[in-house]
1. Give me the one-decimal nm value for the distance between modelled label points at SER334 and ALA40, 7 Å along each residue's Cα-to-Cβ direction.
2. Net charge around TRP94, counting only other residues with Cβ within less than 10 Å of its Cβ (Lys, Arg = +1; Asp, Glu = -1)?
3. Over the Cα atoms of segment 117-170, what radius of gyration and what Dmax do you get, in Å?
4. In the P(r) worked out for segment 150-290, what percent of Cα pairs fall beyond 25 Å?
5. Quick one, what does Rg over Rh come out to for segment 45-185 if you take C-alpha atoms and the Kirkwood Rh?
6. Evaluate E = 1/(1 + (r/R0)^6) for LEU315 and ARG89, where r is the Cβ-Cβ distance and R0 equals 22 Å; express this FRET efficiency to the nearest 0.05.
7. Got a sec? Charge dipole of the chain, +1 on Cβ for Lys and Arg, -1 for Asp and Glu; which of ALA119, TYR223, ALA203 is way out at the positive end?
8. Residues in segment 322-351, backbone N under 19 Å from the label point at ASP308 (7 Å along the Cα-to-beta-carbon vector): list them, ranges by number please.
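Rule-based calculations on the coordinates, nothing more; no lab input. Bear in mind the structure is a predicted one, so any value in this text is a computation, not a measurement. Cβ sites come from the backbone with ideal geometry, for glycine too, and all protein chains shown count toward neighbours.
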Amino acid sequence: MTRCVGTTGSWAWLAAALAVLSACGGDDAGAAAGGGVQAAVSYYRDVKPIFDARCAGCHSDGGVAPFSLEGHETAASWAAPIKRAVVERTMPPWPADNRCAEYVGDRSLSEQQIQTIAAWVDGGAAVGDPADEGPPIDPPASAALARVDRTLEMPVEYTPQTGPDEYRCFVIDWPEDAVRYVTGFGIRPGEQRVVHHVIAFIAAPDQLAELDALDAADPGPGYPCYGGPGLKPRWLGGWVPGGGSMIFPQGAGTRIEPGSRLIMQVHYNTLTAGKLPDRTAIDVTLESSVEREGTMQPWANPAWLTGDSMLIPALESDVVHRWGADPSRALAGSEPIEIHWVGLHMHTLGTRARLEIERAGGGSECVLDIPRWDFHWQGNYKLAEPKVLEPGDKLSIECHWDNTPEKQPIIDGQPRVPGDVVWGEGTTDEMCLGTFYMTGR
């Protein structure tokens with residue numbers, strides 16, 4: 001049984017679905033869906049194998065989701081919201097457009113699976129015969145580290161203080177006394193009911209004074225870090241429930257100098273389980289040397305980071321910024337590079353984003369496209385085959401935002417009044433950032 005992957009706790013689809021149910025007067029699942037359809041589809045034979053493979057890891061007792069799908073009774077009571085979520089493709093969360101590229105661990109439902117769940121709901125959410133349970137469906141691929149050389153815990157236990165979402169950074173000493181290369185990265189959530197995603201960064205020795213100041217400014221363990229860790233560290237890796245570990249390409253690893261520290265950004269969601277104590281840990285596989293050095297590279301227009309070069313005017317419904325450059329020139333000495341993992345990052349005004357390669361000889365090749373951006377459902381995607389960038393190719397990033405009143409973040413219980421927005425790490429700021437794990441070819 002896999003664990004449903006995602007990086008949020010907002011569950012906005014659930015709130016919307018409940019509003020619909022309330023407006024309909026609380027009809028039962030069959031009536032709400034249109035009632036008279038024959039129950040040709042049953043839970044045990046047709047639907048349970050889909051739920052087990054694609055949903056039950058999050059939607060389980062003790063999971064991060066707000067209800068369990070491990071039994072018929074509970075699943076049937078949520079039938080109408082489930083149908084809406086799968087038909088609209090908001091669940092299981094898979095924001096990437098699969099027409100762009102092929103990724104490892106795709107957890108989206110096939111059209112046939114969506115039709116099966118919809119027919120089950122329309123037929124009255126029939127239970128069927130437990131003895132007639134359908135054959136299991138293979139879950140999405142999820143990697144596990146073959147070897148764990150270090151497990152690095154948060155310094156102390158932490159209980160989330162705000163809700164439903166809190167972003168907190170914790171500083172962890174790096175214990176190695178010589179240069180080491182991370183070839184595999186994983187997360188052990190301390191309290192999986194509230195840990196919704198984790199990103200780890202590497203702070204170099206010359207950044208420690210700045211990092212110590214950030215950590216000391218907050219009296220509790222760690223410090224708040226909604227938009228990022230507050231300085232410019234290198235990225236190590238990311239994790240979402242069910243996504244497994246990040247195993248870097250054969251012979252490749254990320255270099256960490258002795259005297260460095262790790263910064264672990266944890267997204268807590270307390271909507272379902274409440275504010276529970278957590279002490280999450282990082283697992284790493286280490287090597288003393290590698291054939292080729294890899295790095296998780298951020299990608300954005302440097303001009304956006306200061307001033308108003310990435311201005312998002314108030315009340316504009318579709319603001320677009322785009323930029324591209326040849327990464328091989330600055331990052332690989334004008335040699336070809338390979339992209340293995342890829343991600344995108346914006347804040348709450350974002351509506352869609354895209355990374356693509358503009359070939360020097362003409363034409364383009366999509367790397368990652370997120371057509372419906374949701375800040376709380378972001379993650380890294382492993383390409384089934386690496387994308388090769390030759391010298392002269394450009395990697396372009398494009399982001400769209402909606403800065404109208406309807407899209408404003410909630411601050412102190414009230415929607416923010418629309419105002420001009422530029423790049424920044426705060427709740428009222430925005431970003432247009434790509435990330436990719438790259439190696440030499």
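1. 6.5
2. Details: positive: ARG54, ARG89, ARG107; negative: ASP97, ASP106.
Overall, the nearby charge balance is +1.
3. So, for segment 117-170, Rg and Dmax equal 21.6, 52 Å respectively.
4. Values: 2351 of 9870 pairs.
The calculated P(r) of segment 150-290 puts 24 percent of pairs beyond 25 Å.
5. Working: Rg = 19.8 Å, Rh = 18.5 Å.
Taking Rh as the inverse mean 1/r over Cα pairs, Rg/Rh reads 1.07.
6. Working: r = 30 Å, r/R0 = 1.34.
That gives a FRET efficiency of 0.15.
7. Looking along the dipole axis, the top candidate is ALA119.
8. 322
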